Ligand code: HC3
């Protein structure tokens, strides 16, 4: 890895950025083990990222209003392409670069809701595993009878830059107008890599492809090509939607363009395709996510739990950052030890392991087969050994979920119940 080439790296951080780049070149694939300089640290934890799936509430609920199954599948594709800008560009656009998010601790929660003309869309995001790190989420709009749930972990490697494979998948379940029979869409997750590291202003580019397969018999494939060979434009993609049994060449719909800027939806495929509409994700109105104030949050809720760390990052006080991180990490270690001694497992508040007998799982297995039969995939959408299981939203648990979410309370974060700080026994942190 060459030396820092200036760009966005503050003068006083050039040395630490250079060391960071060197450490990346030899890292072991565990993104949380990277020690990054203060200017590139985010105050936001990865559990918050689940919100990107449904900030465009109008597009999220749109398929529930469409009677034609092929058009419904197209609306799902349109919603998904539109989420990509939020998922993969919004932080760079807002903060000038992709920062290093906080690594969620086991049991960390991010809860919120979008309350707008489409009613309430509720978000629940929970860190269900720490080794390996896995975040599960569920987003539900009861009024429009639609739910997205999923989970993901990341596996990173280094070759010229950081490459990240996402392990996990998402499941969208909805009811077509007037129907009480649910339909399900299985969504795979894109591979990504980090560009522009050397200049200290990293951003994400997507690679390879993803699929959406539906229980109604449609398949969509989105191919990502980064900066297009022909157009030279970033974040380019092509997408096709076809009926299972026919082929991509006989697509009913297609789309191409830039997922971060403008793309065109078409009827048919290739030269014969007829333009339907051109879409600009940047023009979509995003709903505001309502999150409880810090005073109202449970100690396991992300922004409350990381408040000291976030404030220290904002102040650029790295000693305080590592002090407060160590406090959480040490408390977490103590909890894990206690669980081991008492031979019990940490209780997840909203999620459980999938039950293979559930209707959703039977549908899921059929959709997995559809993807496998496409023969294009070496996806890790179901690799239970890499995600500590297959995680699903558990209605029964959720109905009982009340604050305080865990009896361990403040102790889980290294604070005493009276609000004083527990001593930091070992100041070793692998975050930051
Ligand atoms: C790779 C990533 C963490 C994972 C982020 C994920 C895959 C999380 C799930 C969301 O649905 C989508 C998503 C978007 C962005 C992904 C992050 C981009 C950068 C971050 C690395 C851990 C940071 C590497 C450090 C640095 C300084 C190079 O940015």
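Quick one: what pairs do we get from the range 184-200, first residue over 26 Å from residue 19 (Cα atoms), second more than 10 Å from the ligand (Cβ to nearest atom) and part of a helix (DSSP H, G or I), C-beta under 6 Å, 6+ apart or different chains?
Between residues of the range 184-200 that are over 26 Å from residue 19 (Cα atoms) and residues that are more than 10 Å from the ligand (Cβ to nearest atom) and part of a helix (DSSP H, G or I), the close pairs are 184/363; 185/76; 186/367.
For (1) within 30 Å of residue 36 (Cα to Cα); (2) modelled with pLDDT of 95 or more, each residue gets a yes or a no:
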site	(1), (2)
300	yes, yes
303	yes, yes
308	yes, yes
330	yes, no
335	yes, no
355	no, yes
359	no, yes
362	no, yes
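Out of contact with any strand residue (DSSP E or B) (no Cβ under 7 Å at 6 or more places or on another chain) and either more than 15 Å from residue 408 (Cα to Cα) or surrounded by fewer than 12 Cβ atoms within 10 Å (Cβ to Cβ) (or both): is that true of residue 329 in this structure? Please lay out each step first, then the result.
Values: out of contact with any strand residue (DSSP E or B) (no Cβ under 7 Å at 6 or more places or on another chain): yes; either more than 15 Å from residue 408 (Cα to Cα) or surrounded by fewer than 12 Cβ atoms within 10 Å (Cβ to Cβ) (or both): no.
For residue 329, the condition - out of contact with any strand residue (DSSP E or B) (no Cβ under 7 Å at 6 or more places or on another chain) and either more than 15 Å from residue 408 (Cα to Cα) or surrounded by fewer than 12 Cβ atoms within 10 Å (Cβ to Cβ) (or both) - is not met.
Listed here are the residues, each with its yes/no results for (1) surrounded by 19 or more Cβ atoms within 10 Å (Cβ to Cβ); (2) under 25 Å from residue 375 (Cα atoms); (3) touching a strand residue (DSSP E or B) at 6+ places or on another chain (Cβ under 9 Å).
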| position | (1), (2), (3) |
| --- | --- |
| 221 | yes, yes, yes |
| 227 | no, no, yes |
| 238 | no, yes, yes |
| 241 | yes, yes, yes |
| 253 | yes, yes, yes |
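Name the residues in the range 395-432 that are surrounded by fewer than 19 Cβ atoms within 10 Å (Cβ to Cβ), in contact with a strand residue (DSSP E or B) (Cβ under 8 Å, 6 or more places away or on another chain) and at pLDDT 80 or above, would you?
397, 398
Select the strands (runs of 3 or more DSSP E) contained entirely in the range 144-203, then report the ones holding at least 1 residues which are more than 27 Å from residue 390 (Cβ to Cβ) and within 14 Å of the ligand (Cβ to nearest atom). Please lay out each step first, then the result.
Values: elements: 146-159, 161-174, 183-187, 191-195.
Strands (runs of 3 or more DSSP E) meeting the threshold: 146-159, 161-174, 191-195.
If you check 309, 349, which single one turns out to be buried (at least 19 other Cβ atoms within 10 Å of the Cβ), assigned to a helix (DSSP H, G or I), touching a helix residue (DSSP H, G or I) at 6+ places or on another chain (Cβ under 9 Å) and at negative phi?
Numbers: 349 fails: assigned to a helix (DSSP H, G or I).
Going through 309, 349 in turn, the sole match is 309.
At least 3 residues that are under 15 Å from the mean Cα position of the chain (by Cα), within 16 Å of the ligand (Cβ to nearest atom) and crowded, with 22+ Cβ neighbours inside 10 Å in each: list the strands (runs of 3 or more DSSP E) lying fully within the range 56-134 that qualify.
Once the strands (runs of 3 or more DSSP E) in the range 56-134 are filtered for at least 3 residues that are under 15 Å from the mean Cα position of the chain (by Cα), within 16 Å of the ligand (Cβ to nearest atom) and crowded, with 22+ Cβ neighbours inside 10 Å, what remains is 119-129.
The values are calculated or read from the model by the stated rules, or taken from the named source; none is laboratory data. Note that the structure is predicted; figures quoted are calculated from it, not measured. Heads up, the Cβs are rebuilt from the backbone with ideal geometry, glycines too, and the neighbour counts pull from every protein chain shown.
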